[in-house]
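Data first, discussion second: the structure below is written as structure tokens.
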Amino acid sequence: MYDLREESSSKCWGGYQKVYSHFSKELNCRMNFGIYLPEFLLNSNNKEKAPVLYYLSGLTCTEQNFIIKSGFQRYASELKLIVVNPDTSPRGCNIEGEDTDWDFGTGAGFYVDSLTEKFKNNYRMYSYVTKELIQLVEDNFGDFIIKGCRAISGHSMGGHGALISALKNPGLFKCAAAFAPISNPINCLWGKKCFSGYLGEENKNLWANYDASELVAKYKGPDLKIRIDQGADDPYLNDQLKVDNFVKACQKSNVPINYYLHEGFDHGYFFVSTFIPDHFSHISKILYSKN
Ligand SMILES: N[C@@H](CCC(=O)N[C@@H](CS)C(=O)NCC(=O)O)C(=O)O
């Protein structure tokens with residue numbers, strides 16, 4: 001039903017970096033995602049399984065940016081993590097205007113389910129990530145996976161996607177983490193542009209349902225063990241990311257958060273790749289812990 005096809009498979013550190021394509025019912029188009037499988041899972045006499053970390057990328061990315069630039073594979077293999085990373089928007093849907101801007105449409109799905117006439121049949125990245133992709137992975141790679149043992153992380157727009165996916169679905173993920181997340185989208189230009197295009201000005205009262213700083217204030221569920229890594233020299237920090245608003249909202253609602261502000265680092269993949277080892281090790285400890 002998914003029409004799943006392996007597009008590539010490359011040995012990388014102690015595992016295989018694969019890319020699959022499939023047809024998405026949520027998005028009404030074919031999509032790519034990356035999956036990294038630590039090698040031990042593929043040995044014929046192996047009985048061990050592994051947790052899954054879902055990783056969402058930021059504006060302008062496909063599944064390839066994280067695969068090529070972050071260097072995560074070495075740590076995923078050492079820490080025994082399966083890592084699944086989808087594309088950031090539907091592709092090739094031929095919606096007028098979707099390819100005009102780098103911060104809206106293609107490459108900028110913003111992890112919401114669109115409500116506007118123009119986008120609602122395709123731009124459903126929220127349901128794609130939290131329902132269809134998880135189901136697809138569990139249906140097709142279930143033999144390798146510790147049931148129900150998932151975490152989610154992401155970068156920038158993907159950090160926003162990771163936080164809202166976890167906050168809106170208590171219990172779905174044992175841990176939520178992010179690099180430089182867009183933390184209060186209803187109060188920044190990137191968020192306002194995408195929410196107005198995908199959700200509509202007429203539905204402004206619903207925008208808060210996709211805003212991490214708003215959602216955390218209402219969060220009731222198992223401890224999420226949130227971790228954020230942020231570059232102190234990130235040019236987007238004050239105007240677009242507004243991570244402080246999220247940290248304050250967590251403190252106000254007594255949701256534990258580990259926030260690391262790293263001197264001198266900016267927004268790009270040199271920052272992400274530097275902190276992948278700590279970030280992944282934090283997530284792995286939580287996924288492999290008994291409680
Ligand atoms: N338009 C700028 C800003 C977009 C941007 O910084 N995107 C981040 C996520 S918000 C990214 O991961 N870009 C892709 C890359 O660095 O490979 C650009 O493409 O450089």
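Measure out, as a whole number of angstrom, how far apart the alpha-carbon centroids of region 96-141 and region 180-252 sit. One Cα centre to the other: 18 Å. Here the sum of -39500 (n - 2.57) over DSSP H runs of 4 or more residues, divided by the residues of the chain, equals -8000 deg cm²/dmol at 222 nm, to the nearest 500. Placing +1 on the Cβ of every Lys and Arg and -1 on the Cβ of every Asp and Glu, with nothing else charged, gives region 65-118 a dipole about its Cα centre of roughly 500 debye. Dipole of region 88-154 (Lys/Arg Cβ +1, Asp/Glu Cβ -1, origin at the Cα centre): which of PHE144, THR116, SER89 lies farthest to the positive side? Of PHE144, THR116, SER89, it is PHE144. For region 7-37, trypsin sites (Lys or Arg not before Pro) are listed when DSSP marks them as loop and at most 15 other Cβ atoms sit within 10 Å of their Cβ; the list is LYS25.
Here the dipole of the chain is about 1040 debye; that uses its Cα centre as origin and unit charges on the Cβ of Lys and Arg (positive) and Asp and Glu (negative). When the Gaussian network model of the chain links Cα atoms closer than 10 Å, the mean-square fluctuations of THR116, THR130, THR100 top out at THR100. Accessible surface area normalised per residue over the chain is 42 Å², counting heavy atoms of protein chains with a 1.4 Å rolling probe. Loop-located GluC sites (Glu not before Pro) across region 27-99 with a Cβ neighbour count of 15 or fewer within 10 Å are GLU48, GLU96, with loop assigned by DSSP.
Note on the chain: Rg/Rh from C-alpha atoms, Kirkwood Rh, equals 0.94. Within the shell defined by Cβ-Cβ distances under 13 Å, the residues around PRO222 carry a net charge of +3, with Lys and Arg each +1 and Asp and Glu each -1. Computed over neighbours whose Cβ is under 13 Å from that of ILE146, the net charge equals +4, Lys and Arg +1, Asp and Glu -1. Structure shown: which of LYS80/LYS285; LYS11/LYS69; LYS25/LYS174; LYS225/LYS248 lie over 22 Å apart, alpha-carbon to alpha-carbon? From LYS80/LYS285; LYS11/LYS69; LYS25/LYS174; LYS225/LYS248, over 22 Å: LYS25/LYS174. Return the single residue from SER273, SER24, SER77 with maximal mean-square fluctuation; model: Gaussian network over the chain, springs between Cα atoms under 10 Å. Answer for the Gaussian network model of the chain: SER273.
If the chain linking GLN135 and ILE186 were pulled fully straight, counting 0.36 nm for each residue of separation and taking away their Cα-Cα distance, it would gain 15.4 nm.
The values are calculated or read from the model by the stated rules, or taken from the named source; none is laboratory data. Values in this document were obtained by computation on a predicted structure and should not be read as measured data. Counting neighbours? That spans all protein chains shown, and the Cβs are built from the backbone with ideal geometry, glycine included. With ligands, DNA and RNA removed, areas are computed over all heavy atoms of the protein, side chains included. Shrake-Rupley method; radii C 1.70, N 1.55, O 1.52, S 1.80 Å.
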